[in-house]
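Throughout, read-outs are computed from the coordinates displayed, never taken from laboratory work. Given the structure is predicted, the values throughout are model-derived calculations rather than measurements. Here Cβ is always computed from backbone atoms with ideal geometry, including for glycine, and neighbour counts include all displayed protein chains.
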Amino acid sequence: MEEQPGLSDQYRRSSPWPVFIALGFALSELGILFGGVLVPVAVGGVVLLEASVIGILRESEYASSLWAPAIGVGALFALAGGALLYWGLRIRAATVLGAGVIAVLAGIGFWLGETGRF
């Protein structure tokens, strides 16, 4: 009988990112649904979602550094926020655009840190 059924030799641990993705979705929708004071909660939820995607890319070794996926994901979210603003969805646009800008700034910070310029 196996000591740890269901685990293969290749994968020794499970990934924590699905929990953070679900929490990011929940927080972002909570902030958008109730609006007003909870809009910063929505921005935090989208930032958590972005960070989870960046973490998945790094953990699965699709990215060798943090700065490139952070800038890419941030730019995609910023473009999506601009499109939402064009369609007149102001609260959603502000949330997604703000989180995209935060991710791009974090990516620049990661780049400065990884290249030794910070």
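Being closer than 15 Å to W17 by Cα, surrounded by fewer than 21 Cβ atoms within 10 Å (Cβ to Cβ), within 17 Å of the chain's Cα centre (by Cα) and of a type in the set (A, V, I, L, M): is that true of I56 here? Spelling it out, I56 is indeed closer than 15 Å to W17 by Cα, surrounded by fewer than 21 Cβ atoms within 10 Å (Cβ to Cβ), within 17 Å of the chain's Cα centre (by Cα) and of a type in the set (A, V, I, L, M). Scanning region 72-118 for residues that are among the aromatic types (F, W, Y) and assigned to a helix (DSSP H, G or I) yields a total of 4. Residues that are surrounded by 19 or more Cβ atoms within 10 Å (Cβ to Cβ) and part of a helix (DSSP H, G or I) do occur in region 60-69, at least one of them. Every condition in (1) crowded, with 19+ Cβ neighbours inside 10 Å; (2) within 14 Å of the chain's Cα centre (by Cα) is met by V19 except one, and the failing one is (1). I'd like to know if region 31-43 contains one or more residues that are more than 30 Å from S14 (Cα to Cα), crowded, with 18+ Cβ neighbours inside 10 Å and of a type outside the set (K, R). Looking through region 31-43, at least one residue is more than 30 Å from S14 (Cα to Cα), crowded, with 18+ Cβ neighbours inside 10 Å and of a type outside the set (K, R).
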